[in-house]
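All of the numbers you see were taken from the coordinates with simple rules; none came from a lab. Worth saying up front: this structure is predicted, and the values here are computed from it rather than measured. Using ideal geometry, Cβ is built from the backbone for each residue, glycine included, and neighbour counts are taken over all protein chains shown.
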Amino acid sequence: MNDADVSKQIQQMVRFIRQEAEEKANEISVSAEEEFNIEKLQLVEAEKKKIRQEYERKEKQVEVRKKIEYSMQLNASRIKVLQAQDDVVNAMKEAAGKDLLNVSGDHHVYKELLKDLIVQSLLRLKESSVLLRCRKDDLHLVESILDSAKQEYAEKVNVHAPEIIVDNRVYLPPAPSHHNAHGPYCSGGVVLASRDGKIVCENTLDARLDVVFRKKLPENTVVSEIREAAVGLNRSGICGALQVANPLDACSSLHNRFGFNETEQVRIALIERGECPFENKIRNAQNGGFRAAIVYDDRDKRNLVYMMMNPEGIKVHAVFVSKLAGEILKEHARGKESECCIYLSHSDTAWTVLAISFLSLLVILAFLIIAFVMPRHWPNWQRTHFHCKIVDVRMLEGLPRFTFHSTHLNCNHSGETCAICLEDYKDGEILKVLPCQHDQEGNLASESVNAIGSKGLLESGYVYVDVRMVEEFKKGHVHAEKIFNVPYMLKTPVGWLKNPKFLKEISAVCKEDDHLVVGCQSGGRSRHATADLLSAGFKDVSNMGGGYLAWMDNKYPLKVEENVEEASSAAIKSFKKIKCIIKLSSASFP
């Protein structure tokens, strides 16, 4: 390789290295530009988000400010309307009061008016004897119309004319005059009261004017519109200075904040409904240092609601009132001590006390009735329901008797088993004939078959149920392919008792569709067992009349349990041994 080739290769290598460097530089430049753009976009988005949040916050502040201004303007206009309405009503009352003075001037009209007022008062009182008071100037008019007023009242109510006593010692105040402008006065009318003075009906013209005036007033009571408190009040209530919340809706922290420990004065926050839940408003008021909160509605003529919230952590009292009540409170809010009070409504408490008192009275009356009535009627009731029916011994001795013989059964005494204890009679026993005659034995006889019929049923596949005692069964029983021993009666220290598990034991070995033949020693126990099985739902049950004794009389096959046979043979062998010993011993002595 010459110098030219070497130089050529070096130049190629230089160009290749330069090209690689340029490509790497381009890659670095592109990557840096991409990273710059990404960071720039992130910064721009973050700034946009901040600007958007600030804009939304400012927008909300503007909206809240607009609402506050609108509410203040609306409240101011409504207050003006209320003030104008109040002025009109007061002017009307003053004008009506002046007109009332002219009513008594026309004697004919005033006389009829007094009569109507007296009749109306009598209808309200509904008393047979009343006391009437009037002005001294109206005494002669009242006395002249008393009879007609009593007659009109009697016709309307359909009762006797009441007794009206005119009070001639105490009169109603006279009409107002310039000489006595500030003293008590009465423009006319009457006052009726019961004789004991407990019921008074003031039916004067001034009282009627006050009633009309109250009806014309706007909602003049705020206390009646207070709803359930978020935190309950005690009976003494709470009083303090009323402060309008800032902001009015109290959805954010209040600017007029007070500390609980800064002053002893109690402050009550007045808050408007809306924009956020009740709980937020009450908590903001509490955090602002207020001891109570009054929330008024933001719309007119809506039903008051209960402020539902989580009471955990809330220590201030809170009530909900109507919008009109809130505006009136807002108008008179001056921040003075004890200018606003919240009291607990006593209507619900009164009804609760009345209900508890009534229930207590009922309980006391019930105990008194039990205490006075039960001692008198309890012995009679005990004698009626728990009186033991005891038969006189002389009557028992007078019952007819007969001697039982199984071979001489007549039509009147055909039973072989006692209907009470279900024990078989024995020959030679003296039996007493009870008045009931126990007709059940005759009814059960229709389900019985004799020993011959029973043998045919057993050979055809019927199941034989032996209801005797286990000892009787082991001594000997009917020979059948299918046989079960379930005792119907059990012998106990107190006597014979029915087996309480009889039906349960039968159901354990037999089905209701099985064909059964029931037998005992002589047929008495099996008759009652057959009746119980049929009542329990078994469909085909027959009683073997005569029982095991009838089976033996017909010399049908029998079966004796093996252990019994072994015991018998052992007893015979032992008897023979004893006999041999006796013989040997007798032979040893001369």
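How do 5-12, 61-68 rank on mean C-beta neighbours within 10 Å, highest first?
On the way: 5-12: 10.2, 61-68: 12.8.
My ranking of the peptides, most packed first, is 61-68, 5-12.
Ranked by the mean number of other Cβ atoms within 10 Å of their residues, highest first, the peptides 266-279, 505-518 come out as 266-279, 505-518. Bridgeable aspartates and glutamates around Lys491 (alpha carbons under 17 Å apart, same-chain partners fewer than 8 residues away excluded): Glu423, Asp424, Asp466, Glu471, Glu472. Counting only lysines at least 8 places from Lys40 when in the same chain, those with an alpha carbon closer than 17 Å to its own are Lys48, Lys49, Lys50.
Across all directions, the shadow cast by the convex hull of segment 430-559 built on its C-alpha atoms averages 8.9 square nanometres. Using the average count of surrounding beta-carbon atoms within 10 Å as a protection proxy, the listed peptides 13-22, 521-530 rank, highest first, as 521-530, 13-22.
What does the charge dipole of segment 37-129 about its Cα centre add up to, to the nearest 20 debye, if the Cβ of each Lys and Arg holds +1 and the Cβ of each Asp and Glu holds -1? Can you show the working numbers first?
Details: 19 positive and 16 negative charges, 118 e Å.
Rounded to the nearest 20 debye, it is 560 debye.
Expressed as a whole percent, how much of the Cα-Cα distance distribution for segment 59-188 exceeds 23 Å? Distances greater than 23 Å cover 56 percent of the Cα pairs. Eigen-decomposition of the gyration tensor built on the alpha-carbon atoms of segment 6-52 gives equivalent ellipsoid semi-axes of 45, 4, 4 angstrom, largest listed first.
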